[in-house]
Each structure stands twice: as C-alpha cells, then as structure tokens.
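Here's the structure we're looking at; comments come further down.
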Amino acid sequence: MYALELALVADQDEDYDEEDYVDFRQANIGLRTLELVREPDADGKGEGFKFRVNGHDIFIKGANWIPEDSFPSRLTNEPDETEFPDDDRVKRRILDARNAGFNMLRIWGGGLYESEHFYELCDVHGILVWQDFPYACAYYPDAGEYAEAARAEATAAVRRIRNHPSLALWCGNNENQVMYEGPWGGERPGRFLGENFYFDILPAVVAAEDPKTPYWPSSPYGGTPDSNSADYGDCHNWDVWHGRGDWKFYTENDSRFCSEFGFAASCGLRAWDAVLEPEDRHPLSPAVRWHDKTRKGYDTYLGYIGLHFPDPQTLEELVYFSQLNQAEALKFGVEHYRRRKGRCWGTLFWQLNDCWPVQSWAVIDSLGDPRAAYYACKKFYAPVLVSLVQKEQSAEVHLVSDLRDALAGTLTLTLQTFDGETLAEGTHAVRVGPNGAEVVASFDLAAARGRERDVFLYARFAPEGEASAPAENFLFLAEPKDWRASDPGLKVTLTEDDGGFRLTLFARRFAPYVWLRRSDNAPLFPTTDSGDNFFHLRPGETREFIVPQTEDTPTLEALRGQLIVRTL
C-alpha cells in the first residue's frame, strides 16, 4: 500500500504551500495486476472462471456480504486505530473475515455500495471485493429516464470506488438473468427487463471509467441457455437448501466457481436474549418462529437439523444443534469445492454477517457473535487442507494447498474408538504440487465394520520444515445423533495468567463439539482471532486457551462462576 497525495493549486509557482491549494485529496493506492481468466476447456465443453493476481491463480475463499445494519447511518465509518474497536462493527467484520482465512467478499446486489471505510479496510487487510451493482431478484424498467438515471448512478459509483486495490470485479446484478430464464413465479415479461442495464449501460460505464477491472453481467452467469450451468462462469448452488434439503448433496455440484450456497442456523443465545421474553424461550414459540429468515417452512428447517443431530428440545439445544449442522454443511461443501481445484476456483458462501437477531445463513450473528460455522471456516479455509472422503470400505485422503511452492510432509491416519482404543493406523510420506489438490492416500476402514457408531478416523498432516501449520481433520462413519459416545470425562482447569486466565481442557474419552461460553451468553473470547470453539478433543488430548480478563470477568472466581462447557 502506498499513500498518494494530489493537490490543485491556484498558480504554477513552485514555491506554493497549503494555503495555495484549491483542492486536496489523499488516498491509499495499491500496485497490482488482477485478471478474470476464462479459458475454454480443451474438449470444448466448458470454460473456466478464476482470478489471477500478480500472475498467480488464486482459489477464492470467502462469503457474501450484506449491509451490517438495517440503518447504515448507525455504523461508525471513521478509521479506528485500535485493532478490535468496540463500536466499529464494519472493521470488526473485516477483521473477522481476515482471521477466518477469507480473501474475498462479494457485496450482494440486494445491498448497497459500501462506505469508503469498508473498501479501505479491505485494501489494508487483503480482502478482494466482488462488487455487484444494486440490482437483485427483480425486473427493472431500463429505457428512457430509467436508463439515464442508471448511467448517472453507475458513473458516480465507479468513479468513487475504482481506485481501491481491493476491487476485483464489477457485476451487473444478482440472479436477474437466471430469474428470467427460470422463469421464477411461472411468468415472465415479454422481454428481459433490465438487460439494457446489464449488457449495454453498465459495461459501457465500466469500460469508460474503470477499464482495468473486469465486468461480469450477472451472478450467476455463464452457459446458454442455462446461466447457472456448472460448466461455465459462476454458479449459485441453492439446490441443496431450497431443493433436496440435505447438505450431503453438495458433492453433486461440479461448478467452476460457486458464488452462492449456504445452510441456515440459529443466532446465538445473546442475540435471543435481546428479543425474547422468558415465555418465548423455546424452539417452537411464535417469537422464535417469527425470527426465521430461511423461508423453508419452520418444520422443514428443523427437519434438516434432525437428519444429522438430535431434535432440539430447548432454546439452547436449538442454538447448539442448528449451528453444528450449519458448520458441518459448509465444511462438507467447501471441502468438496477445494478438492476440485483446477476445475473449481472459488467459493463465496452465503453469508458472513447479519443485521438483526435471526435464524439465517450467516456465520456471525447481528451482535457479532460467531456461530459454530465461523470457527469451521478457520479450518476449511486454511492455506493447507487435509480432507477425508468415505469410499465404501475405505477413506480417500486429499491434500489441498494454496501455497506457491510444492509441499511435502507426513500424513498420519488413526482409526480410533470414542473410548480411545486404536483399531488401525498408518503413516505416509505425501506431497502436493504448488497451488494444487491431490489424492495422497487411501485408508482401509475394515476394522470399523460393525462399529461405525463408535469410531472416528483422525488425519493429521505435518509439513516438512515451517512451510505451513499442521492440518487435521476427522471422518465419522455414522450420524452424530447415532453416536454411542460415553461421558468424555472432561477435566476443566482455570488458573491465572498474564493478562487473563489459562483455560486447560483434558478429555479422557472422545469429547465431540466442545462448546465454551459464559453464563451471561457473552462470547468467552472477545475477538475472533483468539481461541477456538465447537471443536473435538480426542481421547487423552489436552488443549489450552488464554481467556482475556474483562470487566465482566475481573477475577478467577468470577470466570469460574460463569464458565459453561458442554459437548454433544
């Protein structure tokens, strides 16, 4: 990043000072090249869709962004020098995205052009921006005065945003093309209302005002006559949530770039505290049903949870089980797309943030509390991913790397019971090429036959040297609701530590989905760059965390009185 100063002065005298300025502008700029690469397949059956930055192909890892508040003027949009400011929600969300391994946010066309503060934060923290023009899920009059108004608005927006190095793409609209092709609602106008915007006015404005940035007519857009084709352009995969309803169908989508897909869950308990009366604190209460944005039918939504997890009987269980289901859904989908690197070059799930307490697809709720899926992002968006796929009586092991150099290391696979008995294990020397994804091993699961409800396969990749952090993953052979897991025998220890408290967890037996929280429902870790949550502890494993000292937890005894730890 570089600082650029531009000044307009009243005369040509070289000895001018600030009093001679007619106008002055200071801005940050970035020097980089960015391309949207669309290379036809050798067999002529499709076309790629990937971003190339400074000559390097980038697998996009991110999410869709909606306005952080229903009343944007309430947001603080002035730069804040603190790393994690309390009142700058936009900065906190950008830092959350950075800390989860994101490299792009898509500003959805149903939202708005974001503030200068938003783009500046993306510039600084390495988050690319896919910018939709604000047309979404509707038909628009596109001639006469409407055309001129659209041209004027787009020109002003492009001129304001174009110099931000984070800007990666201008996109004409959200889902309007596929809506017309559908047609959604069973009827459509005699012509595609709005096409004058997306195919004439907007690309002409971008070409004139920001020719260095790619333009894309719609999202999704690609194949003809199917704009949502998996073989061309970008794809929205809502067949899972709005279609067949189980996240295990993500593997049936083979798109080149999946720019929308998602699975819903409840907001956190602290958000519920803000909107519920005591009598409403139940999964089936009218108030809880009302705060449901999923548009699935509430019983259907609960049924999706019940496919994999127990049926929630309390509000706490609704939060816990629905968030675990969302986390597993996004993990399953993103790992599938990352394993397909080379054909698929990006995922932007729906969605990062929320603007009211609701059951929705966000991974951070409206109070800024991360859901279980947020912590899953940190693992499935890590630069190096080890991914396990069950193939009948064996497990296929994939190693995915976003690093520019080849990566070698040791892969350890352990088939273990929940009580800690090792049934089978193996060690492999493995390697993956630069920016690659490869099958590196296969593991026989025969020792688990008849014991599928009692076992798990654990994989750990340890790289040579310091090329990356180790990567780990789990494969389960039965649904969590069917596991026969004993009490994990968790031992929880709290001691004082410099600047906070040391939390130590030890599991005698397998401890699934360890959830750490405070009794007042505030997050145990005030920022998402520290700690972990909703994680597994293997038999005999110990993990330690530093819990910061806060006004609400000023002493060790206060934290001991507030700490709640639960597992599945």
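The values are calculated or read from the model by the stated rules, or taken from the named source; none is laboratory data. Owing to the predicted nature of the structure, the values given are computational and were not obtained by experimental measurement. Note that we place each Cβ from the backbone using ideal geometry, even for glycine, and neighbour counts take in every protein chain shown.
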Q) Of the residues that make up region 426-437, is at least one within 19 Å of Lys391 (Cα to Cα) and among the charged types (D, E, K, R)? A) no
Q. How many of the residues in region 389-429 are hydrophobic (A, V, I, L, M, F, W, C) and either crowded, with 19+ Cβ neighbours inside 10 Å or at pLDDT below 95 (or both)?
A. 9
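May I ask you to verify whether Leu423 is within 30 Å of the chain's Cα centre (by Cα), over 14 Å from Leu475 (Cα atoms) and either aliphatic (A, V, I, L, M) or not in a loop (DSSP other than H, G, I, E, B) (or both)? Full working, then the answer.
Details: within 30 Å of the chain's Cα centre (by Cα): no; over 14 Å from Leu475 (Cα atoms): yes; either aliphatic (A, V, I, L, M) or not in a loop (DSSP other than H, G, I, E, B) (or both): yes.
The answer is no for Leu423.
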Q. Among the residues of region 488-514, how many are over 25 Å from Leu411 (Cβ atoms) and touching a Lys or Arg at 6+ places or on another chain (Cβ under 7 Å)?
A. 6
Q | Per-region count, region 525-555, residues within 25 Å of Pro488 (Cα to Cα) and either in the same structural domain as Phe84 (by TED's automatic domain parsing) or outside any loop (DSSP other than H, G, I, E, B) (or both) | A | 9
Q) Only one of (1) out of contact with any helix residue (DSSP H, G or I) (no Cβ under 7 Å at 6 or more places or on another chain); (2) surrounded by 15 or more Cβ atoms within 10 Å (Cβ to Cβ); (3) free of Cβ contacts under 8 Å to residues at least 24 places away in the same chain is not met by Pro40, so which one is it? A) (2)
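Please find, among Ala462, Ala467, the residue that is at pLDDT below 95, surrounded by 13 or more Cβ atoms within 10 Å (Cβ to Cβ) and either under 30 Å from the mean Cα position of the chain (by Cα) or within 21 Å of Arg371 (Cβ to Cβ) (or both). It would help to see each step written out before you state the result.
Working: Ala462 fails: at pLDDT below 95.
It is Ala467.
Taking region 234-279, which residues are charged (D, E, K, R) and either closer than 28 Å to Leu516 by Cβ or outside the structural domain of Leu330 (by TED's automatic domain parsing) (or both)? So that I can check it myself, show each step before the final result.
The initial filter retains those residues of region 234-279 that are charged (D, E, K, R), namely 234, 239, 244, 246, 248, 252, 254, 256, 260, 270, 273, 277, 279.
Those that are charged (D, E, K, R) and either closer than 28 Å to Leu516 by Cβ or outside the structural domain of Leu330 (by TED's automatic domain parsing) (or both): Arg270, Asp273, Glu277.
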**Q.** Residues of region 247-290 that turn out to be under 30 Å from Cys235 (Cα atoms) and in contact with a Pro (Cβ under 6 Å, 6 or more places away or on another chain), as a count
**A.** 1
Q.
Of the conditions (1) in contact with an Asp or Glu (Cβ under 7 Å, 6 or more places away or on another chain); (2) surrounded by fewer than 22 Cβ atoms within 10 Å (Cβ to Cβ), Gly109 satisfies every one except a single condition; which number is it?
A. (2)
(Q) Are there helices (runs of 4 or more DSSP H) fully within region 256-331 with at least 2 residues that are under 22 Å from the mean Cα position of the chain (by Cα)? List them. (A) 269-273, 298-306
Q: State all residues of region 535-568 that are more than 18 Å from Ser486 (Cα to Cα) and within 27 Å of the chain's Cα centre (by Cα); if no residue qualifies, say none.
A: Arg543, Glu544, Phe545, Ile546, Val547, Pro548, Ile564
Q: Please go through region 485-499 and pick out each residue that is in contact with a helix residue (DSSP H, G or I) (Cβ under 9 Å, 6 or more places away or on another chain) and either within 17 Å of Val565 (Cβ to Cβ) or in the same structural domain as Ser322 (by TED's automatic domain parsing) (or both).
A: Ala485, Leu494, Thr495
